[in-house]
1. Listed residues E398, E404; which is touching an Asp or Glu at 6+ places or on another chain (Cβ under 7 Å) and without any contact (Cβ under 8 Å) to a residue 60 or more places away in the chain?
2. So V437 fits all but one of (1) among the β-branched types (V, I, T); (2) surrounded by fewer than 16 Cβ atoms within 10 Å (Cβ to Cβ); (3) modelled with pLDDT under 95; what number is the exception?
3. May I ask you to list the residues in segment 419-476 that are of a type in the set (S, T, N, Q) and more than 16 Å from L195 (Cα to Cα)?
4. Being in a loop (DSSP other than H, G, I, E, B), within 24 Å of C366 (Cβ to Cβ) and open to solvent by 30 Å² or more (accessible area, probe 1.4 Å) is the filter; apply it to segment 400-432 and report the residue that is modelled with the highest pLDDT.
5. Go through segment 99-116 and give me each residue that's open to solvent by less than 30 Å² (accessible area, probe 1.4 Å) and among the aliphatic types (A, V, I, L, M).
6. Of the numbered conditions (1) crowded, with 16+ Cβ neighbours inside 10 Å; (2) modelled with pLDDT under 90, K308 fails exactly one; give the number of that condition.
7. S367: free of Cβ contacts under 8 Å to residues at least 60 places away in the same chain, open to solvent by 20 Å² or more (accessible area, probe 1.4 Å) and either under 22 Å from L442 (Cα atoms) or part of a strand (DSSP E or B) (or both), yes or no?
8. Taking the criterion of being more than 30 Å from Q227 (Cα to Cα), open to solvent by less than 70 Å² (accessible area, probe 1.4 Å), at pLDDT 70 or above and part of a loop (DSSP other than H, G, I, E, B), would at least one residue in segment 340-348 satisfy it?
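The values are calculated or read from the model by the stated rules, or taken from the named source; none is laboratory data. All values derive from a computational prediction rather than experimental measurement. Glycine gets a Cβ as well: all are built from the backbone with ideal geometry, and neighbour counts include every protein chain shown. Quick note on the areas: whole protein, heavy atoms, side chains included, nothing else; ligands and nucleic acids left out. Shrake-Rupley method; radii C 1.70, N 1.55, O 1.52, S 1.80 Å.
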Amino acid sequence: MNKVLTTPNKNIKKKSKKYQKHHFDENQTKSKRQIFNSAVSLYSFTPDNVYHPTKELEIVKLIRQAAQNNQQVRAIGSLHSAAPIPATTGICIVLDKYRNLVKIDGSLVTVQAGMKIWELNEILAEHNLALPTLGTIVQQTVSGAISTGTHGGSLDCKSLSGYVHSLKLIKADGSVLEVEKSQDIFKAVIISMGLLGIVSTITFDCVRAFSLQSKVSTLSIDNLIEQFDEIHHNNKYVDIRYSPITDKVQIVKINPTLEAKENGGWHPVKKSKIEWQITDSINKLAQRLFNTHRLNWLQKWCIDRYDKTLYSSPYGRSDFVLTHFDATSDDLITNGDINHKELDPVADMEIAIPYSHAKAALTTLCSHFHQTRKYPSMNIHIRCSAAEDFWLSPAYGEAICWIEFWEYPCTGKFFKEIVEVLKPFKFRCHWGKQIPVEHEYLKKQYEKWQDFIQLREDWDSQGIFLNPCLKSYFYS
C-alpha cells in the first residue's frame, strides 16, 4: 500500500512523526507544516493546517472554521489522483483515521470515507458480498474513487459510483446532507471531486460474492477493431493493452465461473526493491532514448520482450481477479515496499470516447502512429464501461471506451498530440488523471456543466472547496 505522506528531508520527517500524534486540534499553529506528495509524484503541496479527524463532527467543525477564516479546505486519502485535485494551501483533512465500517444491512454496506478499497473488499468477502466492478488499483480511498469516477472494464457495469446507494456530504455551511440515489441531486453530488462538500460516509449496494476466470490472448490491432463489438458483448470484463509499434494487443477476457474456489493463476514479476529500482531506471533511460531518437527497431524488440510478461490469467474471488491480472504492476507486487517518490514520475491521461465511435477512434490513432512513425514508449490501455446519468460522469448518457496513455518524460507534448488527434470524437476526461484540455473544450462535452457550476456556487459561494486546478475548470 502506498504511503500517503512523504517528506524531503530529515528535519521535516521528524516534525511529521511528532505532529501525527495530534489527530484533531482546532488550535494547531502554522509552525507545524507538512509537505504532501502525490502517490504518483506529479505534484506536492504544503497546507497551513493539517488534521486527522476521527469523527464526523470534527470534520464539520473544520469546514466551519475554514469558512469563518476564508480558507480553502480539502480532504485527502491516498493521493492517487494524477491531477492536483486534493491540493490545498489552507486546511488539509487527512482521512487516515476515518476509515471504519459503520454498518452492514443485507447488501447495503456503509463505511467511513477514508476506508481503502482493498479494506472494503476484505470486509465484503467476510460477509459473502462483493462490488460488481473495480478499477485495477485498490489503494485509493472509497470517497476518492467515487468522487473522480473510478471505473473498471465492462460494458455491463457502470463506474464504481454507480453502485453507491447513498452518501453523507458535509457542505460548506457545515450542514450534513444525506443523499440517496433515488434523489435527483444525487446525480450532481456523486462525481463532484469534493467541490460540493466533503464526503463523510458511503453506503454501497453490493452483490453476492462471485468468482471469475480470466483468459489472455493476443491479436493484431486490425483484428481487435474488427472483433471489438463481439469481444465486449460476449465477455463480462475485458482489459486490453495495445502496442502501436508492434501492432499487437494483449486481451484479458474475464468471466464468471462456478469452479474457482481459491485464488490462483497470478504470476507476478518478483523482484527486490533494489531490482525494481534498477529496472525502473533502465526502463526510463530507454524511454528517454526512444523519445529523443527514432530507434523503432530497438523499441519494437524491447516491447516484444516486455509484452510476454505483461498479463497473468488469475482466477478466484472477483476482487482478486479484477485487480491482479497485470503481472508487472508495482502497486500490487511490492505491497508498498517501493516508495514511488523514489522513482521518476510517469504522467497518466485517460480519455473517454463514445463507445459508438470507439472503432473509428482506434483506427485513427493507429493511422496516426504509422504516418508519423512516432510511437509511444508505453502501451495504451483500453477498457469500456456502461452509460450512467451522473452530471460529471465521462459516461453521461452513453457507454464509453476508455483509452489511457502514459508519458515519460513528462513534457505534456505527447498528450497534446493525442488530444488533437482524438478531439473530433468529442472525448471527455477521467477526473483522476491529467486533463490536458482547455476549459472551453471540456465544458462543451457535458450537458449539465452549467447546472453543476450554478449548484457549486449556490452551495459554496466563498469557494472554500476550490483550489487552482479545480478553479481553472469550474468557474462561471
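1. On the way: E398 fails: touching an Asp or Glu at 6+ places or on another chain (Cβ under 7 Å).
The conditions single out E404.
2. The failed condition is (2).
3. Quick first cut of segment 419-476, residues of a type in the set (S, T, N, Q) only: 434, 445, 450, 454, 461-462, 467, 472, 476.
The answer is Q434, Q445.
4. First pass over segment 400-432, keeping only residues in a loop (DSSP other than H, G, I, E, B): 408-412, 426-427, 430-432.
Filter once more, so that each one left must be within 24 Å of C366 (Cβ to Cβ): 408, 411-412, 426-427, 430.
Those left that are additionally open to solvent by 30 Å² or more (accessible area, probe 1.4 Å): 411, 426.
Values: T411: 87, K426: 95.
It comes out as K426.
5. In the first step, residues of segment 99-116 are kept if they are open to solvent by less than 30 Å² (accessible area, probe 1.4 Å); the result is 109-116.
Scanning segment 99-116 gives V109, V111, A113, M115.
6. Only one criterion is unmet by K308, namely (1).
7. On the way: free of Cβ contacts under 8 Å to residues at least 60 places away in the same chain: yes; open to solvent by 20 Å² or more (accessible area, probe 1.4 Å): yes; either under 22 Å from L442 (Cα atoms) or part of a strand (DSSP E or B) (or both): no.
Criteria not met by S367.
8. yes
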